[in-house]
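Below is one structure, written out as structure tokens; comments come after it.
Each reported figure results from applying straightforward, stated rules to the coordinates on display, with no laboratory input. Model, not experiment: these values are computed from the prediction. Here the Cβ positions follow ideal geometry from the backbone for every residue, glycine too, while neighbour counts run over all protein chains shown.
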Amino acid sequence: MPLTSKQKAALLLTSLDAATAAELLKGIDAATVQELAVELSYLDATGFREPGQMAEVARQFYKSLQNQTGFHFKSFLSNMLRNSVGDEQAKRIQQEIGNLLQRRDPFLSIRSADPRTLATVLETEHPQAVAVVLSELPPKRGSEVLGQLGDGVRVSAISRMTGVGAVASEARMRIAQTVQARMEALGAGGPAGMTGPARPDQSLRQVAVIVRNLDNEIRDGVLEAVRQKDQETGEKITNLMVIWEDVSTVSSRSLQQALRGIDERQLALALHEAPPEVARKIRSGISERAAAMVDEEASLMAAPKKEDIRGARERIVGALRELNKKGELSFEE
């Protein structure tokens, strides 16, 4: 993710111990300290886990930086604030941080809720509200929650997820506040998060990935129910469950099974200007002899037609979709 200047400064502070960070912040006004603390909290709450990028930020200031182990964000933030502005001011800033984070992304705490508890809360919500909440969850978490909902709520929510992009931000905020309040009543609230809101053009794909992760029986029932309501949407979701970009995350065993019926010329076409991670994955799923034959085929291709490349990739994706239909396709985390 691209970082702002304040986020880079905040990340740099995490490479220091709390006392040293506080020493650096002495003389800086409380508002700036609060802004940096908010950025630190936001990066932590949204699941920022890119040590390479963090090290790169630090290398801009230091000659070398080794990744630290045993870093505890909450105690670091608390100690840094106390040492910088005092206990009373630190408590006020931390309260403000919570409020600011909630306004920035009202679904942060919902994303970390226990799936069973969240499903219990959503079971009595309107299907449109359920669809909005599911669209804000990481796909795997969304699948866990969806799998624990009743059949009626499940199908209605999936049907409405294809149009959640049209839901106004004010309505999303109200939904988040309602669900959060009910979770707190059950003692289920908590900070964390992973992904931001889905853009409208991502809605169907997000639905497809969530459905893909369901148990086969539930998955097939949901797809059939969606097809009965809207055949075209049902087919789109089915196809979007597995796309070309997914090849890099397909398990080696599943990929090897799918590639058995694909000849070397088709593989060479599919690999032409393919993303490096996809190319590596496919090459790891074929023998050295087959890889050599693919390279030979590729060397004979001057400028393959786009439709030929697309067709070859569709053959691979089609084989993976067949495995998915049979419940034999697995993915790596």
Practice item. Straight distance only, please: which aspartates and glutamates reach the Cα of Lys326 with their own Cα at less than 13 Å, same-chain residues fewer than 8 apart left out? Key: Asp215, Glu217, Asp220
Review point. Under a 5 Å amide H to amide H cut-off, with H placed in plane at 1.01 Å, what residues pair with Phe331 once short-range neighbours are removed?
Key: Ser251
Review point. Shape of the range 221-333 from its Cα gyration tensor (a ≥ b ≥ c, root eigenvalues): rounded if a/c is under 1.5, otherwise prolate when a/b > b/c, or oblate?
Key: prolate
Point to revise | Pairs beyond 24 Å (Cα-Cα), from Lys305/Lys325; Lys236/Lys306; Lys140/Lys306 | key: Lys305/Lys325; Lys140/Lys306
Study note, to complete from the structure: So for R0 = 41 Å, FRET eff. of Ala302-Met173 from the Cβ-Cβ r, to 0.05, ends up at 0.15
Exercise for review: Just need the relative contact order of the range 109-240 here, percent rounded to a whole number, with Cα pairs under 8 Å and 6+ apart.
Suggested key: 34
